[in-house]
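Worksheet: one structure, shown below.
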Amino acid sequence: MVRARSTASRLKTLMVYVLLTALVGFVLLPFVQMLVLSFTSTLPRDGIAQWQFSTINFQSIIASPLLSGSIVNSIIYVSLNVIVTLLVAIPAAYAIARYRFTGDKHVFLLLIAFRITPPVVLTLPVFILFAKVGLVNTPVGIALVHCVFNIPIAIWILESFISAVPRELDETAFLDGYSLPRFFVRQLLPLIAPGVGVAAFFCFMFSWVEVVFARILTVTGGKPITMAINTLYGFRTDIGLVMAMTLVSLIPGLAVIYFVRNHIAKGFIVRT
Amino acid sequence: MAGSGHSKIDSNSAWWLLLPALLVLAFVGVLPLLTIFNYSFFDIFTLEDRYWVGTEWYREILASERFLHSLGRSLLFSAIVLSIQIPLGVYIALLLPREGRVKTAILMVLALPLMVPWNTVPSMWVSFMDEQSGFGGQAVSLLGFDFDYKFNAVHTWILLVAMDTWHWIGLVVILCYSGLSTISPAYYQAAAIDGASRLQVFRYVELPKMSGVLMMAVLLRFMDSFMIYTEAFRVNAGGPNHATSFLSLDLGEEIAAFDYGPAAARSIIYFVIILTVAWAFKTIMNIRQGESRRVGA
């Protein structure tokens, strides 16, 4: 009896691992394809046979100011976006986690509304508005407009982490004469560091890959990676170069994933 | 939800802490929405030269057959996407071990597609499904399927759904998993002592803890699938024969043609649809939560 049960449970574990392996395969296969193509010369060229192994795509990226510059632009706007989002979201999340105030029940609904406003709906007025204040063709414009979907996400995640911190911490700190900003920096932030990391991960993720706002706000200059890739699409698209560019764009993402790997899904709940 | 409620301090000055976030949101969210609401009642030649047309654009769009067809297609796409990705995401999150390196490694792999630029996701899949050189395409033709996403509408739909699932399943899993990991082992022990079945554990222990993040997953997946643009456009440009022209493709066309008035009215219509559906989701979730709390007590 005992033996039969352990065989059954072993079989069950085996099944779980088979399913998880299939899942990993499904996710990774298109990436393998991308990797292969990025090291392939996919257009006929002098001196390199088509469909031959080659590093020509990566040489092209380095040689093109548009492509290599776009990496810098992307990093600038995403960093700016994450900084601005966290700066305004931390106090907001603290307020929601710790205080009861008139209208607090509606704040979450308001945040949901902002988060689910489709970017394509906002493109036209955002372009007109940003053109008036000189925020078109700069990474700053993209950084700002991405706040519309990142601030709600950051507040949701941070609120959950702050609520998990016992309130005695705040009370003791204030009795010790800490001001609110000093309490944030010295005591609260070190405690909710994983939460800040997770919030930054989500902001990075939604901002780095976004194309709708990025396109409308970079007409002539300041193009991020996504828009630099858009310029590669044409009558005869060099798919190898597109894949090489995609591979390059994944590197910062990989770094971010690695950085938050232990906290990526660690215990946050969202209050609705 | 409950518990921490009574330890909160009453203070309306908390609004001051929310102010910076609200100011940024007002600038990048409220102001554009108001602008577009205003535009939707005008015929706009240039931004200075415009004529009041009242609700003409709204009536025109809502009465057009094309709008209704696109709406139907977008709703169907969202329905398929949600009915696959939400159960699958919950299932995978439950399969994952609670601790250890395997779990971390799988979560990292699942997060990978989320980092791919949205305009290269379709390129990756089109190359992957290429009959001559793609792994996926070769495998499919080896199995004897005649996969033709360019001219067969059903195949285009299958490709879009598979691609969207590949792209976003990680988000659903990460959110569900984070909800699950807030459950302390004591709950599971208590359930085991009570002799609860696996289904009961899921229904009364795990699902309630996941409800918040699940709500977020549903809303995010609904909005993004309902407004799918780049992915659908790059795969087949709305074809074959308009079988995959979704709502956002129509709007994209109008903006590209500088039809500001109708584009503005269309934007407002889409926004209202999204808000209505989100509100409906939330209401249903709240009612169900209320019921399960009564049953649980």
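Among the listed residues B:Ala278, B:Ala232, which satisfies the condition of being open to solvent by less than 60 Å² (accessible area, probe 1.4 Å), within 10 Å of chain A (Cβ to nearest Cβ) and within 27 Å of B:Ala162 (Cα to Cα)?
Working: B:Ala232 fails: within 10 Å of chain A (Cβ to nearest Cβ).
Sole residue among the options that is open to solvent by less than 60 Å² (accessible area, probe 1.4 Å), within 10 Å of chain A (Cβ to nearest Cβ) and within 27 Å of B:Ala162 (Cα to Cα): B:Ala278.
None of A:Asn81, A:Asn137 is touching a Cys at 6+ places or on another chain (Cβ under 9 Å) and either within 28 Å of B:Asn12 (Cα to Cα) or more than 10 Å from every other protein chain (Cβ to nearest Cβ) (or both) except A:Asn81.
Among residues that are under 20 Å from B:Ala14 (Cα atoms), out of contact with any Phe, Trp or Tyr (no Cβ under 8 Å at 6 or more places or on another chain) and surrounded by fewer than 24 Cβ atoms within 10 Å (Cβ to Cβ), A:Gly177 is included.
When the criteria are applied in full, A:Ser6 meets the requirement of being loosely packed, with under 14 Cβ neighbours inside 10 Å, more than 24 Å from the chain's Cα centre (by Cα) and among the polar types (S, T, N, Q). Would it be correct to say that B:Val201 is surrounded by 16 or more Cβ atoms within 10 Å (Cβ to Cβ), part of a helix (DSSP H, G or I), touching a residue at least 12 places away in the same chain (Cβ under 8 Å) and more than 8 Å from chain A (Cβ to nearest Cβ)? When the stated conditions are applied, B:Val201 passes them. What tally of residues in region B:131-157 results from selecting those that are under 24 Å from B:His242 (Cβ atoms) and open to solvent by less than 70 Å² (accessible area, probe 1.4 Å)? Selection size over region B:131-157: 8.
For region A:109-171, which fully contained helices (runs of 4 or more DSSP H) count at least 2 residues that are modelled with pLDDT of 90 or more and within 16 Å of the chain's Cα centre (by Cα)?
Numbers: elements: A:119-132, A:139-145, A:147-163.
Qualifying helices (runs of 4 or more DSSP H): A:139-145, A:147-163.
Considering only region B:182-203, I want to know if a residue exists there that is out of contact with any Pro (no Cβ under 7 Å at 6 or more places or on another chain), closer than 23 Å to B:Val116 by Cα and small (Gly, Ala, Ser). Among the residues of region B:182-203, not one is out of contact with any Pro (no Cβ under 7 Å at 6 or more places or on another chain), closer than 23 Å to B:Val116 by Cα and small (Gly, Ala, Ser), which makes the answer no. Being open to solvent by less than 70 Å² (accessible area, probe 1.4 Å) and at pLDDT 85 or above is a description that does not apply to A:Phe26. When B:Phe135, B:Phe147, B:Phe222 are checked against the criterion of being of a type in the set (Phe, Trp, Tyr), under 30 Å from B:Gly239 (Cβ atoms) and without any contact (Cβ under 8 Å) to a residue 12 or more places away in the chain, B:Phe135 stands alone in meeting it.
Residues in region A:140-163 that are open to solvent by 20 Å² or more (accessible area, probe 1.4 Å) and in contact with a Ser or Thr (Cβ under 9 Å, 6 or more places away or on another chain): A:Ser163 alone. All conditions but one from (1) touching a Ser or Thr at 6+ places or on another chain (Cβ under 7 Å); (2) open to solvent by 30 Å² or more (accessible area, probe 1.4 Å); (3) in the same structural domain as A:Pro181 (by TED's automatic domain parsing) apply to A:Ile48; the one that does not is (3). Of all residues in region A:161-179, those that are more than 13 Å from every other protein chain (Cβ to nearest Cβ) have Cβ atoms under 7 Å from Cβ atoms of residues that are aromatic (Phe, Trp, Tyr), 6 or more apart or on another chain, in A:Ala173/A:Phe183.
Kindly indicate whether B:Thr55 is surrounded by fewer than 16 Cβ atoms within 10 Å (Cβ to Cβ), within 24 Å of B:Leu249 (Cα to Cα) and within 14 Å of another protein chain (Cβ to nearest Cβ). Step through it out loud before you land on a result.
Numbers: surrounded by fewer than 16 Cβ atoms within 10 Å (Cβ to Cβ): yes; within 24 Å of B:Leu249 (Cα to Cα): yes; within 14 Å of another protein chain (Cβ to nearest Cβ): no.
So B:Thr55 does not fit the description; no.
Taking helices (runs of 4 or more DSSP H) that do not extend beyond region A:1-107, which have at least 2 residues that are within 29 Å of A:Asn137 (Cα to Cα)?
Numbers: elements: A:2-38, A:56-63, A:65-98.
Ranges flagged: A:56-63, A:65-98.
Criterion first (open to solvent by 30 Å² or more (accessible area, probe 1.4 Å) and more than 10 Å from chain B (Cβ to nearest Cβ)) does A:Val256 satisfy it? Show your work before the answer.
Details: open to solvent by 30 Å² or more (accessible area, probe 1.4 Å): yes; more than 10 Å from chain B (Cβ to nearest Cβ): no.
When the stated conditions are applied, A:Val256 does not pass them.
What number of residues within region B:85-130 are surrounded by fewer than 19 Cβ atoms within 10 Å (Cβ to Cβ) and not in a helix (DSSP H, G or I)? Selection size over region B:85-130: 5. Just to check your reading of the model, which residue among B:Ile228, B:Ile273 is assigned to a helix (DSSP H, G or I) and β-branched (Val, Ile, Thr)? Within the list B:Ile228, B:Ile273, the selection yields B:Ile273.
The values are calculated or read from the model by the stated rules, or taken from the named source; none is laboratory data. Note that the structure is a prediction, hence the values are computed from the model and not measured. As a convention, Cβ positions derive from the backbone with ideal geometry for all residues, glycine included, and neighbour counts pool all protein chains shown. To get the accessible areas, we keep the full protein, side chains included, count just its heavy atoms, and leave off ligands, DNA and RNA. Shrake-Rupley method; radii C 1.70, N 1.55, O 1.52, S 1.80 Å.
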